[in-house]
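I have placed the structure first, in the form of structure tokens, so that the comments after it can refer back to it.
The values are calculated or read from the model by the stated rules, or taken from the named source; none is laboratory data. What you see is a predicted model, and the numbers here were worked out from it, not measured in a lab. Don't worry about glycine lacking a Cβ; one is built from the backbone with ideal geometry, like all the others, and counts go over all protein chains shown.
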Amino acid sequence: MGTGDKIRKDTDGIIIRINLKKNEWIPILSKALVQKTISEVHDAAHLGYKKTLKRLRSSFYWQGMYADVLRYISACWKCQSSFKGKQYTALPQNIEKEGIWQTLAMDFCGPFKIDEEGTINYVLVVIDMFTKFMEAIPTGSMSTDETIRALSLLFNRYGIP
Ligand SMILES: [Zn+2]
């Protein structure tokens, strides 16, 4: 939450985020509706991520909007099928599974084209081999710095394996 933001419920019980500076009230989208809403905005014209995000932001707010939109476009068959750089690498299979969050497999997917200007995005996929829990973190490149940044985000959230 930025400064000047408040969350409250409106008369219909919809949770809204209020930006006091701009005097804007924007409904907070429930997680269950995120995929459907992104697809409604994106799929009509297969907009790039900036435009998709801009349109979504004018009507909704939810935590992790940026990452969700990047993930969606990176996985959009139509957006990626025209893009020649795409490649997937297979994840390692026969890894010893010791316990939850003990053995992680990770790999980059991509590159993905995420807008009309040809901006490139990668997704670092991390899988817990024990539970098959998967997290996908968008990154700007496959550099060591970006990998460390992405993993720190993950370890901040779930702890260090
Ligand atoms: Zn698309």
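Miscellaneous remarks
- Note on the range 23-55: residues that are under 20 Å from residue 9 (Cα atoms) and not β-branched (Val, Ile, Thr) amount to 9.
- Top-ranked residue in the range 55-65 [being assigned to a helix (DSSP H, G or I) and surrounded by 13 or more Cβ atoms within 10 Å (Cβ to Cβ); ranked as nearest to the chain's Cα centre (by Cα)]: 65
- Residue match in the range 69-82 (condition: surrounded by 14 or more Cβ atoms within 10 Å (Cβ to Cβ), at pLDDT below 55 and not in a helix (DSSP H, G or I)): no
- Filter result (surrounded by fewer than 16 Cβ atoms within 10 Å (Cβ to Cβ) and not polar (S, T, N, Q)) within the range 37-50: 40, 43, 44, 45, 46, 50
- Some residue of the range 39-58 being more than 16 Å from the ligand (Cβ to nearest atom), farther than 20 Å from residue 124 by Cβ and at pLDDT 85 or above: yes
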